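Here the structure comes first, spelled out in structure tokens, and everything after it is commentary.
The values are calculated or read from the model by the stated rules, or taken from the named source; none is laboratory data. Model, not experiment: these values are computed from the prediction. Glycine gets a Cβ as well: all are built from the backbone with ideal geometry, and neighbour counts include every protein chain shown. Areas reflect the complete protein model, heavy atoms only, side chains present, ligands, DNA and RNA absent. Shrake-Rupley method; radii C 1.70, N 1.55, O 1.52, S 1.80 Å.
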Amino acid sequence: MALDRLLDSDEAVRRKAAEGIGAALKGSERTFTLITNTLAKDKEVSDRWRGFADVADSRHLANRVEAPVVNALVAAVREAYPRLSHRYYTMKARWFGKDQLDTWDRNAPLPDADDRSIPWPEAKEMVLSASGDFSPRLSELAARFFDNAWIDAPVRAGKAPGAFSHPVVPSAHPYVLLNYQGRTRDVMTLAHELGHGVHQILAGPNGALMAPTPLTLAETASVFGEMLTFRSLLAQRTDPAQRKVMLAGKVEDMLNTVVRQIAFHTFEERVHDARAEGELTPTQLGDIWMEVQRESLGPAFNFEDSYRVFWSYIPHFIHSPFYVYAYAFGDCLVNSLYAVYQDAEQGFAEKYLDMLKAGGTLRHKELLAPFGLDASDPAFWSKGLTVIEGMIDELEQMD
């Protein structure tokens with residue numbers, strides 16, 4: 001896939017892929033614009049009939065979260081752009097020996113990235129050991145997936161890309177499907193999907209209607225499990241260069257989940273608000289996209305003109321309007337939770353497992369109360385963003 005080539009270590013490959021994607025999207029720009037205008041107008045009519053005052057209210061209802069809570073998250077992330085993405089990408093440009101990064105450099109591996117392939121048995125040990133240090137019960141549930149062949153990991157011709165954990169039905173065990181290629185990022189993906197699987201097992205007794213969580217809470221166990229594995233692996237790295245690569249990779253994943261998704265959310269809000277005033281042209285959509293990207297990524301980037309149409313490849317804008325903020329919600333929630341865990345005394349793991357067992361029976365306020373957290377408090381989101389900021393601080397000290 002062309003998008004995969006944006007992760008290549010060779011800049012010429014990344015540039016060719018980016019230019020090819022841009023040209024392909026440009027060729028269908030008028031069609032994408034028509035689709036976007038039509039769907040946005042349809043949503044505006046539907047929202048008006050159903051009495052939703054804000055363009056994202058229907059999504060908030062589905063997510064069982066209050067609009068002021070989401071607005072606090074969005075405001076906190078946007079206010080933190082200079083401390084997070086702007087600062088990190090300025091460092092990355094320096095590491096690449098550039099005054100500014102090109103857009104195809106955003107997710108490029110660092111020049112001295114570790115390309116060692118991690119065997120499957122070693123990956124299994126890494127994930128189970130990290131979860132076992134936190135909770136033996138968590139590790140035992142995760143081990144079942146390996147012992148019972150509930151994971152489909154090998155890459156095969158014709159296999160779908162990506163990774164996910166399918167809960168099937170509560171009376172059956174979940175299945176994890178991924179494409180394991182031996183990279184450190186693949187180990188993190190394994191930990192992430194096993195987190196989902198364990199969550200689905202623990203929540204299963206609530207039944208088919210109440211076991212699933214809303215989008216805002218669906219990533220809790222997966223991101224937390226990923227963080228446990230990352231911290232365990234980082235603690236084992238004594239070489240400064242290896243620690244730098246690992247930290248940078250984790251920061252980039254977090255920026256993609258938090259900063260980039262909130263930028264997507266801002267783009268959607270502006271597009272739907274503008275569409276309520278009249279039909280939008282390709283130029284207007286491109287202008288909104290570029291303004292949002294410049295705000296979120298900062299002055300470290302050179303935005304080539306072909307990037308103006310990259311808004312059109314985001315499937316969530318078409319299939320699931322305002323889905324995107326749930327990624328940032330989940331990541332920041334887990335970061336705040338992890339910050340509590342780092343300072344916690346005995347009993348945190350038990351409360352955490354109880355939270356997973358609740359499935360969709362409790363709202364976020366009730367789930368977070370035992371940890372002394374409240375998502376309606378703006379300080380809650382700042383606490384989560386501080387975790388990312390601390391990693392960037394560490395990278396600056398290495399620089």
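A compact table of results
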read-out: Protein accessible area in the range 1-51, 1.4 Å probe - carbon and sulfur %; value: 55
read-out: Portion, in percent, of the accessible area of the range 177-271 that falls on carbon or sulfur, probe 1.4 Å; value: 55
read-out: Cleavage-rule hits, trypsin sites (Lys or Arg not before Pro), the range 131-222, DSSP coil, Cβ neighbours within 10 Å at most 15; value: 156, 159
read-out: Solvent exposure of the range 1-100 as accessible area per residue, Å², 1.4 Å probe; value: 56
read-out: Contact order relative to length of the chain, as percent, for alpha carbon pairs under 8 angstrom and 6 or more apart; value: 25
read-out: Whole-Hz couplings from phi, Karplus 6.51/-1.76/1.60, listed for the range 352-360; x for Gly and Pro; value: 5, 5, 4, 5, 5, 5, 5, x, x
read-out: Distance from the range 121-168 to the range 207-270 (C-alpha centre basis), Å; value: 17
read-out: Candidates 306, 171, 135: whichever shows maximal mean-square fluctuation once the chain is modelled as a Gaussian network with Cα springs under 10 Å; value: 171
read-out: Relative contact order [Cα under 8 Å, 6+ residues apart], the range 9-123, whole percent; value: 34
read-out: Inter-site label distance for residue 143 and residue 166 at 7 Å from Cα along Cβ, in nm; value: 2.7
read-out: Flagged links, alpha-carbon separation over 32 Å, of 124/159; 43/365; 244/383; 244/357; 43/383; 16/250; value: 244/357; 43/383
read-out: Selection of GluC sites (Glu not before Pro), the range 326-399, meeting DSSP coil and at most 11 other Cβ within 10 Å; value: 345
read-out: Full-extension gain in nm, residue 4 to residue 318, via 0.36 nm per residue minus C-alpha separation; value: 110.9 nm
read-out: Top of 343, 105, 374 by mean-square fluctuation, Gaussian network on the chain, Cα under 10 Å; value: 343
read-out: Amide H partners (placed H, <5 Å) of residue 302, local residues excluded; value: 101, 102, 103
read-out: Segment residue 48-residue 362, extension gain: residue separation times 0.36 nm, minus the distance between their alpha carbons; value: 110.1 nm
read-out: The range 57-174 - percent of accessible surface contributed by carbon and sulfur, probe 1.4 Å; value: 55
read-out: Built amide H within the under 5 Å cut-off of residue 360, gap 5+; value: 211
read-out: Relative contact order (percent, whole number), the range 286-399, Cα cutoff 8 Å, 6+ residue spacing; value: 26
read-out: Vicinal HN-Hα couplings computed from phi for the range 289-302 (Karplus, 6.51 cos²θ - 1.76 cosθ + 1.60; Hz; Gly/Pro x); value: 4, 5, 5, 5, 5, 5, 5, 7, 8, x, x, 6, 10, 9
read-out: DSSP-assigned coil residues among GluC sites (Glu not before Pro) in the range 231-280, each with at most 14 further Cβ atoms within 10 Å; value: 277, 279
read-out: J(HN,Hα) series, the range 228-238, from Karplus relation 6.51 cos²θ - 1.76 cosθ + 1.60, nearest Hz, glycine and proline x; value: 4, 5, 4, 5, 5, 5, 5, 5, 7, 8, 9
